[in-house]
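Here's the structure, in structure tokens; my notes come after.
The values are calculated or read from the model by the stated rules, or taken from the named source; none is laboratory data. Keep in mind the model is a prediction, meaning the values are calculated, not measured. A quick note on method: Cβ atoms are made from the backbone with ideal geometry, for glycine too, and the neighbour counts reach across all protein chains shown.
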Amino acid sequence: MKVLLPQAIPLAILHLIFKKSGKTQMFRLALSNLTHRKMRSAISVMALSVGICLFVILWGLVNGVLNEFTERIRGIGADITVIRTGSNPLLFGSGVLPYKLGESLRQVPGVRTASPVLIWKTSIGKAPYNIFGIEPEEFKDLGGELIFLAGRSIEAPDEIFIDSRIAQLEGLSVGDTLHILGEKFKIVGIVRPGVGTRVFLHYDKLSEITGQKDRVSLFFVSAESPERVSEVASQIADKFKGVETQFMSNIASSMGSYLKALNQFIRAINYTALVISALVILLSMYTTVVERTREIGILKSLGASKGYILSTIMTEAFLLSLLGSICGIGLALASRAAIEWNFKLLTVDISVELAINSILLGFVVGGLGALYPALWAARQDPIKALVYE
């Protein structure tokens, strides 16, 4: 009596496959199983790809924010920030330190420059921005990367300069007029991105229109040499009450701790998406195994071991995982392009390391989803499996 398999493979052909079984034949059998139910396989691949895409995009956004913040901090050129004790260095707010503290800071041995900065928030178009109110010469003396792509620095109180990303986003150029904080300012310069913030006013003007006269948010301090940075920071902390110092090199790591709650939220979203992906793969593989119960019984009656059955099912799952991971990375790259197109100031940093980790994670998710169906298939009794309807 001739036994027909779900894939209409004659018993003689299956016998030949099993006799010549090896890694290549196992791979071909798994691939054949995938193509037998194309829609089901496509749904499993899609479910995993969405989970991988979400994982990559969310972590790419976090990495982009951290990297851009680090670049901005380094671009300022300072060695130390002086802030009020207990204040959040990432949410400076209004003026909390006296402007005259700058003169005392400049008298500390080893200090080369102390630049006062008043930080305020405003909106340009529909987007919110931080403004730096600076003393132009002192800010320049910090030794940062304030490079003008067009125009010059501010000289008069009604002048302003911005970075090239906001200029491109808002369609602004040197000579244009910008209305912010109820005042009209002339754009006199456009700088390369990556120096603290995107909008710069003269300190005197910003402090006047915000009612923060003789108050600053912080001081950026540069030491006379790298060897004296620690010494300068210690002297400032000891000499002045109510203030604390932070090394600029440590601010990025501080931001990571402030983003801890956000990281936990992102992890929760990612893990939820990946668990759903694993459940979809589990359901798909379990249904596949049930449909192929008779086929499994024939393989076992021909001498296939539990390991062979288990390996075949897991190979099929890993093929699904590979396809899902690749599609997920492709979907993430397309999503990154869409995000950066619609939100010009956002950066989604998708590194090679993140992509590789995502693919490995896809294999883990696929393997966990297929493990139970594979074990169930391997434990099938060949006699019961042959008579299964």
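If only residues of the stretch 70-86 that are among the charged types (D, E, K, R) and over 21 Å from Glu231 (Cα atoms) are counted, the one that is surrounded by the most Cβ atoms within 10 Å (Cβ to Cβ) is Arg72.
Would it be correct to say that Ala337 is crowded, with 17+ Cβ neighbours inside 10 Å and either of a type in the set (Val, Ile, Thr) or modelled with pLDDT of 80 or more (or both)?
On the way: crowded, with 17+ Cβ neighbours inside 10 Å: no; either of a type in the set (Val, Ile, Thr) or modelled with pLDDT of 80 or more (or both): yes.
So Ala337 does not fit the description; no.
Glu137 meets the conditions (1) part of a loop (DSSP other than H, G, I, E, B); (2) more than 21 Å from Ser123 (Cβ to Cβ) in every case but one. The failed one is (1).
Give the number of residues within the stretch 140-166 that are not β-branched (Val, Ile, Thr) and not in a loop (DSSP other than H, G, I, E, B). Give the steps one after another, and end with the answer.
Kept after step one, since they are not β-branched (Val, Ile, Thr), are these residues of the stretch 140-166: 140-146, 148-153, 155-159, 161, 163-165.
When the remaining residues are screened for being not in a loop (DSSP other than H, G, I, E, B), the result is 140-141, 148-151, 159, 161, 163-165.
The number of residues fulfilling the criteria is 11.
The set of residues in the stretch 174-201 that are farther than 28 Å from Leu66 by Cα, touching a strand residue (DSSP E or B) at 6+ places or on another chain (Cβ under 7 Å) and assigned to a loop (DSSP other than H, G, I, E, B) comprises Val174, Gly175, Asp176, Leu181. Checking every residue in the stretch 165-179 against the condition of being without any contact (Cβ under 8 Å) to a residue 60 or more places away in the chain and among the polar types (S, T, N, Q) gives at least one match. Scanning the stretch 172-206 for residues that are among the small types (Gly, Ala, Ser) and either surrounded by 23 or more Cβ atoms within 10 Å (Cβ to Cβ) or under 34 Å from the mean Cα position of the chain (by Cα) (or both) turns up Ser173, Gly189, Gly194, Gly196. Within the stretch 163-214, the residues that satisfy the criterion of being among the acidic types (Asp, Glu), out of contact with any Phe, Trp or Tyr (no Cβ under 9 Å at 6 or more places or on another chain) and farther than 14 Å from Tyr129 by Cβ are Asp176, Glu183, Asp204, Glu208. Pull up the stretch 207-247, narrow it to residues that are farther than 22 Å from Leu105 by Cα and assigned to a helix (DSSP H, G or I), then point me to the one that is farthest from the chain's Cα centre (by Cα). Result: Glu208.
Out of all the residues in the stretch 302-319, is one or more of a type in the set (Gly, Ala, Ser), at pLDDT 75 or above, surrounded by fewer than 21 Cβ atoms within 10 Å (Cβ to Cβ) and not in a loop (DSSP other than H, G, I, E, B)? Talk me through it step by step, then tell me what you get.
Let us first name the residues in the stretch 302-319 that are of a type in the set (Gly, Ala, Ser), namely 303-305, 307, 311, 317.
Checking which are at pLDDT 75 or above leaves us with 317.
Pick out the ones that are also surrounded by fewer than 21 Cβ atoms within 10 Å (Cβ to Cβ) and you get none.
Checking the stretch 302-319: not a single residue is of a type in the set (Gly, Ala, Ser), at pLDDT 75 or above, surrounded by fewer than 21 Cβ atoms within 10 Å (Cβ to Cβ) and not in a loop (DSSP other than H, G, I, E, B).
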